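What follows draws every value from the coordinates through simple rules; no lab data is involved. Computed from a predicted structure; not experimentally measured. Cβ sites come from the backbone with ideal geometry, for glycine too, and all protein chains shown count toward neighbours.
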Amino acid sequence: MHARSKIFDDIGQLMTNAVGVAQGAREEAETAMKGWVERWLADRDFVTREEFEAVQTMARKAREENEALRARIEALEAAKDSGT
C-alpha cells in the first residue's frame, strides 16, 4: 500500500512539474510573440491612438479657424464692395 502511494506521489509530482514547464513555455512564447508584433508595428510607422487623436484635434481646430477667416474675408469684401 505504501509503494502504491509513493507511485501516485511521484506521478503527481511529475504532472505538477510538467504543468510548470508548460506554463513557462507559454509565457516565453507570449513574450516572444509580443516582442515580434511590437517590432513589426514599429517598422510600419503606425501611429498610436493618442497621436491620431491629437492630429485629429489639430485638424478640427484648423478647419474651424479656416472657416472663421473665410467668414471674416467675405465680410471685409462685402464691406469694401458696398463702400465703393
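Overview of values
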{"item": "Complete set of residues in the range 37-62 that are part of a loop (DSSP other than H, G, I, E, B) and among the hydrophobic types (A, V, I, L, M, F, W, C)", "result": "F46, V47"}
{"item": "Residue within the range 63-84 that is in a loop (DSSP other than H, G, I, E, B) and either aliphatic (A, V, I, L, M) or exposed (fewer than 10 other Cβ atoms within 10 Å of the Cβ) (or both) present", "result": "yes"}
